[in-house]
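First up is the structure itself, then whatever we jot down about it.
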Amino acid sequence: MANNKRNGGNGGETPDEPVERVEIASSALAPFNREEIDLQIATAKRYPRVITDFKREATMMATADEETAATMFYHLERDGKMIEGPSIRLAEIAVYCFRNLRIGTRHVAEEDTFVVSEAAALDVERNTGVCIQVTRRITGRTGRRYGDDMIGVTKNAASAIAFREVTWKIIPRVYIQDIYERAKKGAIGEGSSMKVRIQKILDWYGKLGAKPDTVLRIVGRKGLDDLEPDDILKLMGFQTAIKDGDTSIEQILRNLEERGVTVRPDSLGAVVGATVTAQNVAPS
């Protein structure tokens, strides 16, 4: 057994929580019916995956339009460092197109202060299995336990993140990298399309209580004309991370303040607690 840990978020009002990755033997895949697995292994031998088909299909889906492409990647800040990667939405597409792959998620624990979700993946063609557990806190900064609805949201976020993490442990990154990069390029748009994209981003953050000047501070810009393509990608990536439950707008702004960037109180609006319903905000 080997454990890896990296920081993650809970989609609520608390600081980011650790994501625990656990690679375990095949016993962790017990929820998968043995007879079904044997049948899928036999089927995989008859109809093995074709990587060129996988890349073609996944690229077509991931870059279907700007709206879709913008959900294929996420950005996070961890200990002052920016982290980016392929998102839950891209993981869903990858699993759908990869074939001969089975993934399941389940809630495994609910304690006083945290919940644990687990995702297990089995590549029946390669006879490779991985299991990952994700832990999320269910208490606020004051130590008060979340209500039932928010606990449910946190559980779902933990399961979705576990699904993403196990996907990128079972599908080699070399197969997804080009799709990932194409999605980022397709998300920005050009000319007037880019301006429309920026306005949609500002509108989305505005629903969480962050005014345009605050959104610009997130990427260190003073005005809209100063925005570069990488800035737009970063804002989209944060947007995806908030929707997926990796982080919250409150945590993003708190990180700014820790770096000495002034965020005016009147620019926060309804930011505090807004991520309780962030996943219900319509995508940009």
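The values are calculated or read from the model by the stated rules, or taken from the named source; none is laboratory data. Since the model is a prediction, treat every value here as computed from it, not as a measurement. Because the Cβ atoms are built from the backbone with ideal geometry, glycine has one as well, and the counts that use them run over all protein chains shown. Side chains included, ligands, DNA and RNA excluded: accessible areas come from the protein's heavy atoms. Shrake-Rupley method; radii C 1.70, N 1.55, O 1.52, S 1.80 Å.
Summary of computed values
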| read-out | value |
| --- | --- |
| Per residue value of the accessible surface for the stretch 118-169 (all protein chains in place, 1.4 Å probe), Å² | 40 Å² |
| Rounded if a/c under 1.5, otherwise prolate or oblate - the stretch 87-174, Cα gyration tensor axes | prolate |
| Amide H contacts of S87 (H built 1.01 Å from N, under 5 Å, at least 5 apart or other chain) | F73, Y74 |
| 5 angstrom amide H check on T128, placed H, neighbours 5+ away | D123 |
| Dipole axis of the stretch 88-163 (+1 Lys, Arg; -1 Asp, Glu on Cβ), positive-most option in L90, T154, A119 | L90 |
| Exposure of L202 as accessible area (Å², to 10), given a probe of 1.4 Å and all protein chains | 20 Å² |
| Total formal charge among the other residues, if their Cβ is under 14 angstrom from that of V124, Lys/Arg +1 and Asp/Glu -1 | +2 |
| Probe 1.4 Å - accessible area at I41, Å² to nearest ten | 40 Å² |
| Accessible surface, 1.4 Å probe, highest first, among residues M82, M194, M150 | M82, M194, M150 |
| Global form of the stretch 32-138, assessed from the alpha-carbon gyration tensor, a/c cut-off 1.5 | oblate |
| Relative contact order of the stretch 26-180, pairs being alpha-carbon contacts under 8 Å that are 6 or more residues apart, as % | 23 percent |
| E258 accessible area, assembled protein chains, probe 1.4 Å, Å² | 130 Å² |
| Sequence-distant aspartates and glutamates (8 or more away, or on other chains) whose Cα lies within less than 13 Å of K45 | D123, E125 |
| Residue-span extension gain [R254 to K195] - 0.36 nm each, minus C-alpha spacing | 18.5 nm |
| Over 25 Å between alpha carbons, listed pairs K195/K243; K200/K234; K55/K195; K155/K195; K185/K243 | K55/K195; K155/K195 |
| Mean Cα-pair separation over length for the stretch 132-207, i.e. relative contact order, pairs under 8 Å, 6 or more apart, % | 24 percent |
